[in-house]
Amino acid sequence: MKGTIFQRPLEFNLQVEGETWSQGDAVKGTLVVKNHGPEAASLAQMGVHLAMGKQSKVRQRQAGAFKIQESVFMDAGGRVEPGSQASLDWKFQTDRNCPITDNLNSLFLLYGCGNTPEQLGALELNVHAYSLIQEYLKTLNIQFRFILKTTKASQGRVEAKFTPPSSQGFASIDHVLVYFRFEGEELHVSYVFQVKKLEVTAASFGVDKKKKEFTQQLAPALYLTSSGRVNHEGLEASIKEALSSVENKMFQ
């Protein structure tokens, strides 16, 4: 992935290794500045920044669209001569709980010269859920036939919305929200089931919806094998335990 911005007489080219990332991945690349002017330019305030961006404000180019989290600068005492260029190798390490990309917020790379985010070049980072969380989502979809509708960032967690399979055992479930967050090495998983309940009175009947929650703390011994690979049997067992809390046993 790459981007270019001109802040005359300077040209900034940002090269990024990769096109997509998962939570916990390193994002790295090179920034190259070219001086097309007749005089030498100071490298002060030239660099790359990792920032959180609000998608609506970014699209409308509004002030306050970005909040810078980390920065890597060129040598403040250096200069780039006329007709020459200077480069900066940079790297940012994302956290396993960093926000994934959705239609509300996303991580961005800002680059160029200056300390005002809106005057810098911007590249959106396409960040997916951590690899273990992706395996969990696949298992819930493939092995248990729950259909993934959306994923998004939610208050420091990954939120995934599923609809249940068309089976009598899960007929009472409208949908389920599954939340993921690492606390140290433990993966904390929270299920919020939207359950349909028939309400009958002497005069009428209807369907009421109520929430039912189920939480788990998965230790590495459960989600990883001794060789460090994903323990799919452990994931299936934990999902089965959560679903059994709402499954209608009459139809098993």
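Each value in this text was obtained by applying a stated rule to the coordinates, not by laboratory testing. Keep in mind it's a predicted model, so treat the numbers as computed, not measured. Using ideal geometry, Cβ is built from the backbone for each residue, glycine included, and neighbour counts are taken over all protein chains shown.
Observations on the model:
- When peptides 224-232, 123-131 are ranked by their average number of other Cβ atoms within 10 Å per residue, the highest-first order is 123-131, 224-232.
- Over 29 Å between alpha carbons, listed pairs Lys57/Lys209; Lys54/Lys240; Lys54/Lys212; Lys54/Lys161: Lys57/Lys209; Lys54/Lys240; Lys54/Lys212
- Listed peptides 139-146, 165-172, 43-50, 9-16 by packing density, highest first (mean Cβ within 10 Å): 43-50, 9-16, 139-146, 165-172
- Converting phi to 3J(HN,Hα) with the Karplus coefficients 6.51, -1.76 and 1.60 and the offset θ = phi - 60°, segment 171-176 yields 5, 7, 8, 7, 6, 9 Hz in sequence order, with x at every glycine or proline.
- Amide hydrogen neighbours beyond the local backbone of Asp174, cut-off 5 Å, H modeled: Gln194, Val195, Lys196
- The long axis of helix 232-244 is offset from the longest Cα principal axis of the chain by roughly 50 degrees.
- The chain - Rg and Dmax from Cα coordinates, angstrom: 24.2, 89
- Taking the Cα centre of segment 131-251 as reference, the dipole from Cβ charges on Lys and Arg (+1) and Asp and Glu (-1) amounts to some 420 debye.
- In terms of its alpha-carbon gyration tensor, segment 1-64 comes out oblate; a/c meets the 1.5 threshold, while b/c is at least as large as a/b.
- Phi angles across segment 134-150 convert, under the Karplus curve 6.51 cos²θ - 1.76 cosθ + 1.60 with θ = phi - 60°, into 3J(HN,Hα) values of 4, 5, 4, 4, 5, 5, 5, 6, 7, 7, 10, 6, 7, 9, 6, 9, 8 Hz, Gly and Pro given as x.
- When shorter helices are ignored and each DSSP H run of at least 4 residues is given -39500 (n - 2.57), the per-residue value for the chain at 222 nm works out to -3500 deg cm²/dmol.
- Along segment 21-33 the Karplus relation, 6.51 cos²θ - 1.76 cosθ + 1.60 evaluated at θ = phi - 60°, assigns HN-Hα couplings of 9, 10, 3, x, 6, 8, 10, 8, x, 9, 10, 10, 10 Hz to successive residues, with x for each Gly and Pro.
- Close amide H pairs (under 5 Å, H built 1.01 Å from N) link Leu224 with Asn231, residues at least 5 positions away or on another chain.
- Mean separation of Cα contacts under 8 Å, 6 or more apart, over the residue count of the chain: relative contact order %: 15
- Cut-off under 5 Å, modelled amide H: who pairs with Ser22 long-range: His128
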